[in-house]
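Beneath this line is the structure, given in structure tokens, with notes to follow.
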């Protein structure tokens, strides 16, 4: 039974939960509903939280949610855990640390498995964030799976990205250097009551300091917190608030929105194109034959991919789209 | 020199025998299994000889009972002097029901009491709390206020009987109630004896009946240590428990290592709180599991004694011999009981009890055969108690001290056990001690992995349980089950509400304020708690006061 | 080289429109013995299910709320404290109140045989008593629990 956009807009919890699951399972009717819902999105503020396993992401989400609720804001949480590559199953345990909100009607928690998707999010994350947005949640928090440093994907989805670091990971910071600056809008040294917290904070500050920020550019602050006790979280939230104000400036917001739109479209395209290619090739068992040929070195995968893109698919674009606003690429 | 030559010959002879006799035989009749291992999946060789103990100094490592490092026992005469204390853990329904069971057990020759509280008490909720619904009196006796404690020990002389109370997060409160009941009987705190489990670290690791976060919990514990060393000198202040760690699925080595590491954390906390080590360490005791693997378990108890003696003397520089001695209680392993063919559990328990006795335990609880189905019936608990009496009176195993000492296998296992456990302890030290390790989830994860590993071996049939994955029978002999009357909850709720109505509301309010103030200052909490329980302030109320000032602990999500 | 058969690769073909079974595993009540619950969570994961593990000390309300938001197909509960006669039916009752009666509730723990008929009558689909094997439980979930259409 398809879920209607109306049910979602009216805040029906079960309908929203079902739609989210349908999206996760990639049921076509769910995508149709999302088409209608899409224009109702864009109101929520999206907060991304990432960091290595054990950095305390869930605990921080729990704590931040508590503060947001006190301010009267409704919260949606998307928590992602890894799918086992062996069985395809997963244990999604992020709710355990969020029990304070288990009975709060103003908090909606959805646990997702990566289902083979890389980059710290699940394939459906953007879709589900959009549903929570359309439902009217004031803030949507995305907690990535704790895979490590290359979780850049979240950058493009969230307005503000927190990167959690725990003391005693000094060497890791060195290793993370390259990607981490691009991810973080705010660094959080969590568990800052632990030994070495000051050093970690200093290292991060030095790292940020070595970068030059132009006028009107955001330089990520480094905040200390203990998510377990809530120490430092109000200060952290006022930085988040400051960043929201920063990003809400006309020039920044437009850039963010375009970037997000780009990611959304590209992700959907990637998914759809691949699906279509694989579906078409699979239809008469062609795929198996091709794979066999590649394995036996009779053919090469490069030529086949080229043939698929050039010949097997016809892109019948309408005149309008073809003219379009163009120049999206560069 | 001569000795070394002799050992060399033994080794050569052993190798020759293997080559000439064992190998040809095995080529015709191979061994039953590809690999022989203990319940904890530690590999066991086919034969142990003096070669396995090469380079080991007997006097230094094994020695004599009653002498450092106490591998063979903490007393020089052991069971020839006094048998172990037969202490059956029990509690169910209302305080009246449990009091009646205590009188029965004492009349049947039990020599000490052991109280099981129901979960609401253990978690700091009164019986009329919403979270207590359905739990009242189910898994132990309901105690909300001093009134319940008075009924529980009615007619039991607290200067003559020692009592063990399995309580952790609210241990201070229940000890205070026990002291108050004793005072009502005219028995001063200096004269009462017994044990509170009071081991919060293993709650975080395995048993999960916690209320407050680790740091304030450790403070409550050091307050108890200080208070008891001054006022209740015969009380065992912490029963450092491996039992629940094992029940949660750990290996024997993990049980040993994590328990001793907990012990280290308590001693360190006491010292850090400014109490001289020899003032409180003699009142620390241990509590281990008796699982299914015969020699592994006995080796575990022996290794534990030796490790603790060394740690107390060398690491903490304790001078009093009593600080070095690891005294322990044992309970047979609840997880090994099967619901299938439950009468078989009597055999399991008898063997486990035997292990504990051969390992030199100071007190013993033998499980009843029906405990995997419900709390035990009177008949089942009597059989369990009789099992201990048969061990003590009929088998002759209590006639000689550490009768298996000197066995090549057992001495080797004891050494191995100590080595592996010390490896864990060093790792935990590197993390900054057990409190830190727990915050990181280290022991929790190790245990989950071990329990899943065992479960997989069981499913593959590489480990066997009679009646479960081998020798199953279609027809099960049903056994009688104890049921808890639904009326218990209603009556208990009514009683607690009546207690609240009848007490002096003004004094109660001021006691609760005093509790909060004390918890925010550095005052010892014990006297303040004692004053509160005497005014019939309930467990739930005291814990609520502390929840407000100390915060609460929630499941740290290890899976 | 021959160890990369076409079959293995083809398994990663589009998963579009394929439902995955979602099961909530939780421990209602106050007892903290979660060895069983955790082992079952792992076993179900290894059987390809998505397990929402809600942890210890849950009230029936918390469990049902989570089940609603997570849109699960089944709820597996474990209790060892003896409070099953109150807590299991309470979960079923709350589900029905929310019109989520299709969610299958099963459970395990220290549960006497005599209590099982009463629990079943109150809507608990299946009770596993001590000694139930993982394969039994996984097989039950495989057979009985279907992802909703």
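At-a-glance table
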read-out	value
Residue within the range B:533-551 that is part of a loop (DSSP other than H, G, I, E, B) and within 14 Å of chain A (Cβ to nearest Cβ) present	yes
Scan of the range B:45-57 for residues that are touching a residue at least 12 places away in the same chain (Cβ under 8 Å) and either in a loop (DSSP other than H, G, I, E, B) or closer than 22 Å to residue B:307 by Cα (or both), ordered by number	B:46, B:47, B:48, B:49, B:52, B:53, B:54, B:56
Residue list for the range A:295-314, restricted to those being in a helix (DSSP H, G or I) and either more than 9 Å from every other protein chain (Cβ to nearest Cβ) or at pLDDT below 85 (or both)	A:301, A:302, A:303, A:304, A:305, A:306, A:307, A:308, A:309, A:310, A:311, A:312
Members of the range B:95-130 that are within 14 Å of another protein chain (Cβ to nearest Cβ) and without any contact (Cβ under 8 Å) to a residue 12 or more places away in the chain	B:130
Count of the range B:131-150 residues which are outside any loop (DSSP other than H, G, I, E, B) and away from chain C (no Cβ under 12 Å)	6
Residue count for the range B:101-113, restricted to those that are at pLDDT below 95 and out of contact with any strand residue (DSSP E or B) (no Cβ under 6 Å at 6 or more places or on another chain)	6
Some residue of the range B:470-493 being closer than 24 Å to residue B:176 by Cβ and surrounded by 18 or more Cβ atoms within 10 Å (Cβ to Cβ)	yes
Unmet criterion (only one of (1) farther than 30 Å from residue B:457 by Cβ; (2) not in a helix (DSSP H, G or I)) for residue B:32	(1)
Filtered residue count, the range C:77-104, keeping only those that are within 20 Å of residue C:43 (Cα to Cα) and within 14 Å of chain B (Cβ to nearest Cβ)	4
Qualifying residue in the range A:168-183 (condition: modelled with pLDDT of 85 or more, in the same structural domain as residue A:44 (by TED's automatic domain parsing) and part of a loop (DSSP other than H, G, I, E, B))	no
Complete set of residues in the range A:259-278 that are within 14 Å of another protein chain (Cβ to nearest Cβ) and either closer than 14 Å to residue A:31 by Cβ or surrounded by 12 or more Cβ atoms within 10 Å (Cβ to Cβ) (or both)	A:268, A:271, A:272, A:273, A:274, A:275, A:276, A:277, A:278
Matching residues, the range B:450-459, being surrounded by fewer than 17 Cβ atoms within 10 Å (Cβ to Cβ) and at the interface with chain C (Cβ under 10 Å from one of its Cβ atoms)	B:456, B:458, B:459
All positions within the range C:28-56 that are touching a helix residue (DSSP H, G or I) at 6+ places or on another chain (Cβ under 9 Å), under 26 Å from residue B:130 (Cα atoms) and more than 7 Å from chain B (Cβ to nearest Cβ)	C:28, C:33, C:52, C:54
Residues satisfying the stated conditions in the range A:11-28, i.e. in contact with a helix residue (DSSP H, G or I) (Cβ under 9 Å, 6 or more places away or on another chain), on the phi < 0 side of the Ramachandran plot and part of a loop (DSSP other than H, G, I, E, B)	A:12, A:27
Residues being at the interface with chain C (Cβ under 9 Å from one of its Cβ atoms) and surrounded by 23 or more Cβ atoms within 10 Å (Cβ to Cβ) - total across the range A:108-128	6
Residue B:223 assigned to a helix (DSSP H, G or I), surrounded by fewer than 23 Cβ atoms within 10 Å (Cβ to Cβ) and without any contact (Cβ under 8 Å) to a residue 12 or more places away in the chain	no
Looking only at the range C:125-146, and only at residues there that are in a loop (DSSP other than H, G, I, E, B) and within 14 Å of chain B (Cβ to nearest Cβ), the one that is nearest to residue C:44 (Cα to Cα)	C:133
Residue B:467 being within 12 Å of chain C (Cβ to nearest Cβ), exposed (fewer than 12 other Cβ atoms within 10 Å of the Cβ) and at positive phi	no
Filtered residue count, the range C:105-124, keeping only those that are within 16 Å of the chain's Cα centre (by Cα) and outside any helix (DSSP H, G or I)	7
Qualifying residue in the range B:342-353 (condition: closer than 25 Å to residue B:260 by Cα, modelled with pLDDT of 95 or more and not in a helix (DSSP H, G or I))	no
Residue C:72 in contact (Cβ under 8 Å) with a residue 12 or more places away in the chain, assigned to a loop (DSSP other than H, G, I, E, B) and more than 7 Å from every other protein chain (Cβ to nearest Cβ)	yes
Residue within the range B:499-519 that is under 28 Å from residue B:437 (Cα atoms) and free of Cβ contacts under 8 Å to residues at least 40 places away in the same chain present	no
Test for residue B:311: is it surrounded by 24 or more Cβ atoms within 10 Å (Cβ to Cβ), more than 17 Å from the chain's Cα centre (by Cα) and modelled with pLDDT of 95 or more	no
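The values are calculated or read from the model by the stated rules, or taken from the named source; none is laboratory data. Everything numeric here is computed off the predicted structure, so don't read it as measured data. All Cβ positions, glycine included, derive from the backbone under ideal geometry; neighbour counts span all protein chains shown.
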